[in-house]
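Asker: If you scroll down you'll find the structure; I have some questions about it.
We did not get these values from a lab; they are worked out from the coordinates using the rules stated. Bear in mind the structure is a predicted one, so any value in this text is a computation, not a measurement. A quick note on method: Cβ atoms are made from the backbone with ideal geometry, for glycine too, and the neighbour counts reach across all protein chains shown.
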Amino acid sequence: MIIIRLEVAHVKSGVVMIEDEPYYYVDMVDGDVGKMIIAYEIDPKSIEEYRKIGTPDPALLYKKKKIESATKYHYFINRKTGEGLTKLAQKAIKRDPKASEKVTKILYKPAIFISPVIKATDSFNDNYTDCFAEMVPTELRGPQTGTYIKMEPTGVKIGLQHIFWTTDTYQLGDWEGYSSMLYENYASIFSQPDDRSLGMINIDH
């Protein structure tokens, strides 16, 4: 396991655009062992909005998400009946207009691949530059499950110049958890000899 210092690791986000077509929403983590791209599906609703306007703006695009609604109770209740646990609690709930409220929560879908930034030939303009390798998409639930899937490259190399950056750089520590655990685990995986031989990683210190 490679331990990273969250106070020196930074992230910025953007959208991979090839010929004005959006393909991935990405976070680029820049930490102790180099830069890595964490790629996500783009939410279909944001793609619809992007295509509606006359001059498409990539800043309208965001990672795939779902919105969950739930009821938040300010009293302890019987979950089956929705009533208070005692007659007194039931009476208090009936007279209290704020006994419960509807709340919504935005849940972003897991990333679909992670890839180190390497020096390679861009598949779309033949420039030798900073690129990342496209990987076969899958759901990266490692931080929740503890199981990390080995990435399978498609052979496509995407230059960083194809990323339209939509956010300023911020500290990884501001989003500690999912991204930092992916970075730590895949930094170790990509550092293995078999990945070096594939030209998958080029770590500069």
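Asker: With labels modelled as points extended 7 Å from the Cα through the Cβ direction, what inter-label distance (nm, one decimal) is found for Lys119 paired with Arg141?
Answerer: About 4.0 nm, to one decimal.
Asker: Turning to a different aspect of this structure: Based on the mean of other Cβ atoms within 10 Å per residue, sort peptides 147-153, 22-28, 10-16, 58-64 so the most packed one is first. Spell out each step's value before the answer.
Answerer: Working: 147-153: 14.4, 22-28: 22.1, 10-16: 20.4, 58-64: 18.4.
Per-residue mean Cβ counts within 10 Å order the peptides as 22-28, 10-16, 58-64, 147-153.
Asker: Enumerate the lysines that Lys105 could reach by cross-link, defined here as Cα to Cα under 21 Å, with residues fewer than 8 away along the same chain left out.
Answerer: Lys45, Lys63, Lys64, Lys65, Lys66, Lys72
Asker: List the residues, sorted by chain then number, that are 5 or more residues from Tyr24 or on another chain and whose placed amide H is less than 5 Å from its amide H.
Answerer: The answer is Val16.
Asker: Calculate, in nm to one decimal, what Val156 and Tyr128 gain on full extension: separation in residues at 0.36 nm each, minus their alpha carbon distance.
Answerer: 8.7 nm
Asker: Also, I was wondering about something else. Say each of Lys12 and Lys87 gets a label point 7 Å from the Cα, pointing the same way as Cα to Cβ; how far apart are those two points in nm?
Answerer: Output for this residue pair reads 6.7 nm.
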